[in-house]
Each structure stands twice: as structure tokens, then as C-alpha cells.
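For reference, the structure discussed in these notes is given below.
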Amino acid sequence: MKCDEVLNGQCANIGRMTGASPTRERLPPWHERVTLSNGRQVLIRPIRPEDGEPLRAGFGLLEPDEIRQRFLHAVKELSPETAERLTHVNPRNEFALVVAEPLPPGEALIGAVARVAVDENGRDAEFAILVSRYIKHMGLGRYLMTRLVKWAKGKKLNRLYGDVLENNGPMLSLAQSLGFQREFRQESPGLVRVTLELKPRSNNRTPSDQQRSSAQPQQNQNR
């Protein structure tokens, strides 16, 4: 079975995670048609402006805890302005995927959203993922995270981070399993920041330092 993405030695093949294989067909970039382990067919694709109304409709089906885990505070409804902002992404510094019914955008119900936005420094990016309880425990959260990581690496970013409620055990465990490091911040009580380094840390040694180091054994031999 071909592995679509390897992250820290872990295979994130969508077929393996959901118990089924994606349909083989030609689809646009970042589009994947998937059959979940419960037999439900979904389409993973970039978010579209037409998804605004389905997002607002589906928001009312979310449990309060699901909303708090995504927005980190209580939100009664998804306003038209917020829905428009979420569905109109700037491809230069934003990326968002949805797990939707295999119907045209605007008609399809949406069960999960994963997004990432580059910081003003141009080097780091913040992620957020929400998976509805109707399609939880099927590996979609993990798979969506690997797609966000792939996009961030393609943008040559340094790190990917997100703030997670300290009582959101599943998300914290998922992040840890994918190599994210936890950071407790005094200015944000109740939240845990998880960070994934996307580039290997340099040893900060200059070429002259390296030359001296490599020459040292030879000097010892000549003594």
C-alpha cells in the first residue's frame, strides 16, 4: 500500500486510517475521495466560498465542547461575516481543507475543517482543526494534520503551532504522536501550545569552526 505522507516515521495513509482505500480517479490537487470505515463516502478538498452557508448550518449541530475546542471559547453562532472570512482564504498565506459530502460546494454538508495561516513574520503558521462527532474516531484528524504539515513544508516555513485547551486530551495526544512539543504559557492559562519544528535545527557552527574541528584529530596525531 502506497504511503501518501510520512511524518516522523509514521505512515498517514488515508486508506489505512479509515479502513478503506481512496477511489482511484483523477482529481484536482488536494482533492481526495474517501470511503470511511462506516461506509460513508466523503470528499477531502480545499474550502470554497460556496461552503459558507453549509458551514453556518452545520455549526448549529456542534456540541458546546466541540465549539470550545476549536474557538477556545463559547460561540453561539457562526456569523455571516465569520463564515465569509473562513471560506475566502488567501492562497499566499492560508490553506484550509474540509471533509464534505461528495456533492457540489454549497450543497454538501461539511463534517470537518482544518486550516493553517502564516504569521506576519512569514516563518511560522498557526493551525486549527475541528472534526464533528459524527465522523470522529476514524483517523481524519490525524490525516488532516499531515496535510497541513505538508502544505507548511511546501511553503518553507520554520514551524507549525496551535493552542489547545489543556483538557482536550485527544488533540494533545494526537499532536504529541506526530512530533509536536508542548509548551505551557503563563499568559494563556488553560491553554497548551503545541509546536512542530519543520526544519532541522542547525548547529550554528561556522565553516571555520568546522574546519578547526576536523583538523583537531590530525594535530593530535602529529604530537
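The values are calculated or read from the model by the stated rules, or taken from the named source; none is laboratory data. What you are looking at is a predicted structure, and each value in this text was computed from that prediction instead of being measured. With ideal geometry, Cβ positions are generated from the backbone for all residues, glycine too; neighbour counts draw on all protein chains shown.
Data overview
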| read-out | value |
| --- | --- |
| Residue within the stretch 20-33 that is in contact with a helix residue (DSSP H, G or I) (Cβ under 7 Å, 6 or more places away or on another chain), surrounded by fewer than 15 Cβ atoms within 10 Å (Cβ to Cβ) and either modelled with pLDDT of 70 or more or over 18 Å from THR146 (Cα atoms) (or both) present | no |
| Count of the stretch 158-187 residues which are surrounded by 13 or more Cβ atoms within 10 Å (Cβ to Cβ) and among the polar types (S, T, N, Q) | 4 |
| Test: residue in the stretch 114-124 that is surrounded by 16 or more Cβ atoms within 10 Å (Cβ to Cβ), at pLDDT 90 or above and of a type in the set (Lys, Arg) | yes |
| Options ILE129, ILE47, ILE67: the member that is at pLDDT below 95, farther than 21 Å from LEU178 by Cα and not charged (D, E, K, R) | ILE67 |
| Pairs with Cβ under 6 Å, 6+ apart, first in the stretch 100-115 and farther than 11 Å from ILE44 by Cβ, second among the small types (Gly, Ala, Ser) and part of a loop (DSSP other than H, G, I, E, B) | GLU101/ALA108 |
| All positions within the stretch 162-200 that are in a strand (DSSP E or B) and of a type in the set (Ser, Thr, Tyr) | THR195 |
| Selection from the stretch 115-140 of residues that are under 8 Å from the mean Cα position of the chain (by Cα) and more than 18 Å from VAL192 (Cα to Cα) | ARG115 |
